[in-house]
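The values are calculated or read from the model by the stated rules, or taken from the named source; none is laboratory data. Remember, it's a predicted structure, so these values are computed and weren't measured experimentally. Cβ coordinates were reconstructed from backbone atoms using ideal geometry, including for glycine residues, and neighbour counts include every protein chain displayed. Surface accessibility is based on the protein's heavy atoms, side chains included, excluding ligands, DNA and RNA. Shrake-Rupley method; radii C 1.70, N 1.55, O 1.52, S 1.80 Å.
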Amino acid sequence: MPGLVTTDVEVAAARLRAGGLVAIPTETVYGLGADADNAAALARLYAVKGRPGEHPVIVHVGAPAQLGEWAADVPVAARRLADVLWPGPLTLVVRRAARVLDGVTGGGDTVGVRVPDQPVALALLDAFGGGIAAPSANRFGHVSPTTAEDVQDELGDDVDVVLDGGPCTVGVESTIVDCTGEKLVILRPGGVTRERVEEVSGRSVAVRGDGLTRAPGTLKSHYTPEATVLVVDREDLAARATALRAAGQRVAVLAPGSVPALAADVVVLDAPADSDEYARVLYARLREVDRRGVDVLLAVPPPDSGVGIAVGDRLRRAAGLDQGGT
Ligand code: TXA
Ligand code: MG
């Protein structure tokens, strides 16, 4: 029996209180939620996700004021970012308060916190009262789900309740900002740009270099469909598709805006020219690639600005390329 799909936040809150796993809608991607104060529920969350124990998960809270309940101290810059950009696709990493369970932090001394900008999620957080620990609701290393249906495909009856809040509006995961050091550092690009973080915090912001953190979303290979993903320039699409077809591969292309004429058996996936729209559909397209039995996806990233930076980051990671901090 697949997990129960509901739009009733009271049902979802009751399951969280009972130690259950509840998939929650957010503006970025769906999360696999557990009561952040329940060690047994957190242990099950890690098991279902297939995630190594030392990887931390984000705590979702209902209002910026709650940051202080999870942090040992709230740096001035973090407070500003929370007050201005929450609810929103931004996770703040701060030093953990003593009460925060190791099942949330992965045993580390920091915790990631965010207020999602999604009405159903906010209603759930209000009804539940506590913090909801939630990684993206996919198996470790796979593509994040952006609809309730994708969650069911991904997790089946390993999740107790799927709270359906409709499709995600941002489509890629939150920007993660480490606020624990001298300098603010972006650990993962997302829906909030570096420029916006600098503007709001009044501080200069660094972008993480290669492989320094334990954030799995920043591992070299992540967000991967079954198909091989190759990141290519638009000019090279036709030649690459031809060569792959000649080698007997079933090929798909994903490129913003129009694509050049290609052989009839190449699967052309619709990627909007607008980067916000591209981000919104990205994971659905990666899932479609596998549903259609494609061997190789040729993907052209959007321009390197705004949320396009996050889309390019996810595509390169899906391709197994290490792109450092951007
Ligand atoms: O948009 C999002 O952030 C979504 C939705 C569900 O909120 N969540 C999400 O969670 O993407 P997850 O676990 O798939 O990715 C969160 C990333 C991971 O790479 C994790 O290691 C990192 O955040 N992270 C969490 N807490 C951290 C911490 N204290 N220090 C450094 N990285 C942290
Ligand atoms: Mg994830």
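Inside region 21-62, can you point out the residues that are within 21 Å of E149 (Cα to Cα) and of a type in the set (S, T, N, Q)?
If the condition is that a residue be within 21 Å of E149 (Cα to Cα) and of a type in the set (S, T, N, Q), then T26, T28 are the ones that fit.
Within the set of pairs 6 or more residues apart or between chains, which connect a residue that is at negative phi inside region 264-278 to a residue that is open to solvent by 70 Å² or more (accessible area, probe 1.4 Å) with Cβ atoms less than 7 Å apart?
V267/R292; S275/P303
Search region 103-119 for residues being within 14 Å of ligand 1 (Cβ to nearest atom) and assigned to a helix (DSSP H, G or I), and hand back the single one that is most open to solvent (accessible area, probe 1.4 Å).
Result: G103.
How many residues are within 16 Å of ligand 2 (Cβ to nearest atom) and part of a loop (DSSP other than H, G, I, E, B) if we restrict to region 121-146?
12
If the requirement is being assigned to a strand (DSSP E or B), touching a strand residue (DSSP E or B) at 6+ places or on another chain (Cβ under 8 Å) and either surrounded by 15 or more Cβ atoms within 10 Å (Cβ to Cβ) or free of Cβ contacts under 8 Å to residues at least 24 places away in the same chain (or both), which of these qualifies: V93, V100?
After applying the criteria, what remains is V93.
Given the residues P303, P260, which is the only one that is exposed (fewer than 15 other Cβ atoms within 10 Å of the Cβ) and under 23 Å from the mean Cα position of the chain (by Cα)?
P303
For a quick check of your reading: which strands (runs of 3 or more DSSP E) sit entirely within region 1-80 and have at least 1 residues that are of a type in the set (S, T, Y)? Walk me through it before giving the result.
On the way: elements: 4-6, 22-24, 31-35, 58-60.
Result: 4-6.
Please name all residue pairs, on different chains or six or more residues apart, with Cβ atoms under 7 Å, provided the first residue is in region 103-119 and is hydrophobic (A, V, I, L, M, F, W, C) and the second residue is part of a helix (DSSP H, G or I).
V104/L42; V111/W70; V111/V104; V111/T105; V113/L67; V113/W70; V115/P64
Here's a check for you: in region 40-56, which residue that is farther than 14 Å from A23 by Cα and in contact (Cβ under 8 Å) with a residue 24 or more places away in the chain is least open to solvent (accessible area, probe 1.4 Å)? Quick ask: steps written out before the conclusion?
Looking only at region 40-56, we keep the residues that are farther than 14 Å from A23 by Cα, and these are 40, 43, 47, 50-56.
Those left that are additionally in contact (Cβ under 8 Å) with a residue 24 or more places away in the chain: 43, 50-56.
Working: A43: 63, G50: 49, R51: 38, P52: 46, G53: 52, E54: 92, H55: 16, P56: 48 Å².
If we take residues in region 40-56 being farther than 14 Å from A23 by Cα and in contact (Cβ under 8 Å) with a residue 24 or more places away in the chain, then H55 is least open to solvent (accessible area, probe 1.4 Å).
Kindly provide the set of residues from region 74-90 that are open to solvent by 10 Å² or more (accessible area, probe 1.4 Å) and in contact with a Cys (Cβ under 7 Å, 6 or more places away or on another chain), ordered by number.
Across region 74-90, the qualifying residue is only P75.
Restricting to region 187-203, count the residues that are open to solvent by 10 Å² or more (accessible area, probe 1.4 Å) and either touching a strand residue (DSSP E or B) at 6+ places or on another chain (Cβ under 9 Å) or part of a strand (DSSP E or B) (or both). Before you say what the answer is, go through the steps one by one.
Residues of region 187-203 that are open to solvent by 10 Å² or more (accessible area, probe 1.4 Å), as a first pass: 187-189, 191-196, 198-200, 202-203.
Cutting the leftovers down to either touching a strand residue (DSSP E or B) at 6+ places or on another chain (Cβ under 9 Å) or part of a strand (DSSP E or B) (or both) gives us 187-189, 191-196, 198, 203.
Counting residues in region 187-203 that are open to solvent by 10 Å² or more (accessible area, probe 1.4 Å) and either touching a strand residue (DSSP E or B) at 6+ places or on another chain (Cβ under 9 Å) or part of a strand (DSSP E or B) (or both) gives 11.
Which of the residues belonging to region 1-39 are open to solvent by 10 Å² or more (accessible area, probe 1.4 Å) and within 13 Å of L124 (Cβ to Cβ)?
Matches in region 1-39: T6, T7, D8, V9, E10, V11, A14, R15, R17, D35.
Give the residue that is surrounded by the fewest Cβ atoms within 10 Å (Cβ to Cβ), with candidates limited to residues of region 120-152 that are modelled with pLDDT of 95 or more, among the charged types (D, E, K, R) and over 18 Å from D37 (Cα atoms).
Checking each candidate, the answer is E149.
May I ask you to say which residue of D73, D35 is on the phi < 0 side of the Ramachandran plot and more than 22 Å from the chain's Cα centre (by Cα)?
D73
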